[in-house]
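Asker: This is the structure I have questions about; it appears just below.
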Amino acid sequence: MQQSARVIESRSVRAAEMNNIAQDRSGDRALSMLVADDDASVVRLLVNYATRMGFDVDTASDGIQAFLKVRRAKPNILVIDVNMPEMDGLSVCDHLQDADQAPANVIVITGSKHPHTLERCERIGTYCARKGPNFWNDLKAALAEIDPRVALLP
């Protein structure tokens, strides 16, 4: 019985750590994230994933909306799809950099295997998470580079 209590206590501590994983080091405010994708089901999945990690998440459904929300809210992290209506994700990143408004941490999500897409991501200094069987691992790895505490999550 004591062993079970230790396991439960350990899990409770772990759960508390997970809830605080995205807390800003300077205070109690969660790191902010903007998720931009025109596919509502992808947005829901990403929002649920990031919220469970403790991020404060906002969304955008096209490139123009993402551009305006980043300029207004200045999120800590931008997760943006490449192929979106109005303005593609990489163009949003280019325009934000031109206006000195780019978030320090950008994760581009794409289903493209085209080398040009990956080259553009590297050129503008973004992380890249490709849609497919390793997507969640790639996304978590990018988030862990941004905030090493994410690596503590299961």
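Asker: Looking at the structure I just gave you, is V43 under 14 Å from I109 (Cα atoms) and part of a strand (DSSP E or B)? Break it down into steps so the answer makes sense when it comes.
Answerer: Values: under 14 Å from I109 (Cα atoms): yes; part of a strand (DSSP E or B): no.
So V43 fails the test.
Asker: Where the second residue is surrounded by fewer than 16 Cβ atoms within 10 Å (Cβ to Cβ) and polar (S, T, N, Q) and the first is under 18 Å from V43 (Cα atoms) and modelled with pLDDT of 90 or more and lies in segment 68-87, which pairs have Cβ atoms under 8 Å and are six or more apart or on separate chains?
Answerer: Sorted first by the residue in segment 68-87, then by its partner, the pairs are V70/Q101.
Asker: Given the options D62, D56, name the one that is surrounded by 14 or more Cβ atoms within 10 Å (Cβ to Cβ), touching an Asp or Glu at 6+ places or on another chain (Cβ under 6 Å), of a type in the set (D, E) and modelled with pLDDT of 90 or more.
Answerer: Only one candidate qualifies: D62.
The values are calculated or read from the model by the stated rules, or taken from the named source; none is laboratory data. In this text the structure is predicted, and so the values were computed from the model without any measurement. Glycine also receives a Cβ, built like all others from the backbone with ideal geometry; neighbour counts cover every protein chain displayed.
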